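Q: One structure, pasted below without further comment.
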Amino acid sequence: MTQFESFEKWLFPPQCVLSGQPTQDWDLADVYLQKLSRPSDANQKSCFVCAEPLAVDGICGRCLQTPPVFEQTQAGFYYTSVVQDLIHSFKYEQQLHLGRLLAQLWRPQLVMTGIDAILPVPLHRDRLLERGFNQALELANGLVGDDEVPILPFAIQRIKPTVAQALLNAQQRQHNLDGAFAVNPKAESVLSACQQVAILDDVMTTGSTLNQVALTLKTKFPHLKIQAWALARAKSH
Ligand SMILES: [Zn+2]
């Protein structure tokens, strides 16, 4: 902890965002911290490619049958009770500090080695105007410091307004995203110099949004290695 951080802690003692009670380190009481379920927990097994929970570590049937364009997924949490509530308030009640808290809670587990840039999944302009912020960009800013991995918020553009993926079934989700994304011509030189990038989203269910962004990138830059990063992994079935 830096001197500034200890001073900040003295000035603003940590307080649980859910119960309002004073806490030790995080702005979340131990009782809630213990409810967080993470793919990185010792007893959790998951698919190496898409982070779907499995009985044993390995590659799930769906990834074997239809391999996604991204090579690996790092997910901070499973999309269960406490995380669901925090993400909901973060996204729909404009509580941006909750996004920062979730990013900070995820950060110690995230392996950033070899990542040249982070690409938050963009929102369509209409959705951005409606919400006022892009949750994926907020998370990216909470995850990395200024001198760490660069964040490229405008490298991918969402050129087609789409129906919220949560309202659709798996098959509809795929078609809903056809032609939804494009590489920003201004970002082409930066991206062609990257070896590996991470695409970041808040919630991953079937992975079709992250996969569509990965496909958009891979079509233009076949040499790119791509990781999918999701704050929370929902079970897809
Ligand atoms: Zn999988």
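Each reported figure results from applying straightforward, stated rules to the coordinates on display, with no laboratory input. As the structure is a prediction and not an experimental result, all values here were calculated from the model. Using ideal geometry, Cβ is built from the backbone for each residue, glycine included, and neighbour counts are taken over all protein chains shown.
Q: Order by neighbour count: ASP57, ASP30, fewest other Cβ atoms within 10 Å first, most last.
A: Numbers: ASP57 10, ASP30 13.
Lowest to highest Cβ neighbour count: ASP57, ASP30.
Q: May I pose another question? Compute the distance from the alpha-carbon center of the range 103-151 to that of the range 214-237, in whole Å.
A: 14 Å
Q: If you average the C-alpha positions of the range 157-184 and of the range 195-212 separately, how far apart do those two centres end up, in angstrom?
A: Using only Cα atoms, the two centres lie 13 Å from each other.
Q: May I ask for the angle, rounded to the nearest 10°, between helix 208-220 and the longest principal axis of the chain, with both axes built from Cα atoms and the value confined to 0 to 90°?
A: 50 degrees
Q: To the nearest 10 degrees, how steeply does helix 81-92 sit against the main Cα axis of the chain, on a 0 to 90 scale?
A: 70 degrees
Q: How large are Rg and Dmax for the range 105-237 when calculated on the C-alpha trace, in angstrom?
A: Every Cα atom of the range 105-237 included, Rg and Dmax give 14.2, 40 Å.
Q: Continuing with this model, one more query. For the chain, what does -39500 (n - 2.57) per DSSP helix run (n ≥ 4), summed and divided by total residues, give at 222 nm, in deg cm²/dmol to the nearest 500? Let's see the in-between values first.
A: Working: 10 runs with 82 residues, N = 237.
Result for the chain, helices only: -9500 deg cm²/dmol.
Q: Using modelled amide H (1.01 Å from N, peptide plane; none on Pro or chain starts), what sits under 5 Å from the amide H of TYR78, excluding residues fewer than 5 places away?
A: Hits under the 5 Å cutoff: SER37, ARG38, ARG233.
Q: Starting from the Kirkwood Rh over alpha-carbon pairs, what translational D in µm² s⁻¹ does the chain have by Stokes-Einstein at 25 °C and 0.890 mPa s? All intermediate terms of the calculation are to be shown ahead of the outcome.
A: Values: Rh = 18.6 Å.
So the translational diffusion coefficient is about 132 µm²/s.
Q: Another question about this same structure. Calculate, for SER192 and TYR92, the FRET efficiency according to 1/(1 + (r/R0)^6) with r their C-beta to C-beta distance and R0 41 Å; round to the nearest 0.05.
A: 0.65
Q: Let me ask something additional. Report, for the chain, the % of DSSP beta bridges that are antiparallel, rounded to 5. The partial results should precede the final answer.
A: Working: 5 of 25 bridges.
Here the share of antiparallel DSSP bridges comes out near 20 percent.
Q: What residues have an amide H closer than 5 Å to that of GLY58, excluding those fewer than 5 places away on the same chain, when H is modeled at 1.01 Å from N in the peptide plane?
A: Residues meeting the criterion, in which the H sits 1.01 Å from N, are SER46, PHE48.
Q: In the Gaussian network model of the chain, springs joining C-alpha atoms below 10 Å, which of LEU177, LEU167, LEU96 carries the largest mean-square fluctuation?
A: LEU167
Q: Could you list, in their original order, any pairs among LYS91/LYS235; LYS45/LYS160; LYS9/LYS35 whose Cα atoms are separated by more than 29 Å? Let's see the in-between values first.
A: Numbers: LYS91/LYS235 20 Å; LYS45/LYS160 36 Å; LYS9/LYS35 24 Å.
Checking Cα-Cα distances, LYS45/LYS160 exceed 29 Å.
Q: Moving on to the next point. Could you give the size of the charge dipole of the range 35-233 about its Cα centre, using +1 on the Cβ of each K and R and -1 on the Cβ of each D and E, expressed in debye and rounded to the nearest 20? If you can, show how the numbers build up before the last one.
A: Details: 18 positive and 17 negative charges, 74 e Å.
Roughly 360 debye, rounded to the nearest 20.
Q: Extent of the range 14-89 along each principal axis, from alpha carbon coordinates, in Å, largest to smallest?
A: The Cα atoms of the range 14-89 stretch 48, 25, 17 Å along the principal axes, largest first.
Q: What FRET efficiency do you get for ASP178 and TRP26 if R0 is 35 Å and r is their Cβ-Cβ distance, rounded to the nearest 0.05? Don't skip to the answer; put the middle values down first.
A: Details: r = 41 Å, r/R0 = 1.16.
About 0.30, to the nearest 0.05.
Q: Hey, another quick one. Sort SER208, SER37 so the one with the fewest other Cβ atoms within 10 Å of its own Cβ comes first.
A: Values: SER208 22, SER37 18.
Listing SER208, SER37 from fewest to most nearby Cβ atoms yields SER37, SER208.
Q: Which FRET efficiency, nearest 0.05, do GLU8 and GLN44 yield, Cβ-Cβ r, R0 25 Å? Show your work: numbers first, answer last.
A: Working: r = 33 Å, r/R0 = 1.31.
It comes out at approximately 0.15.
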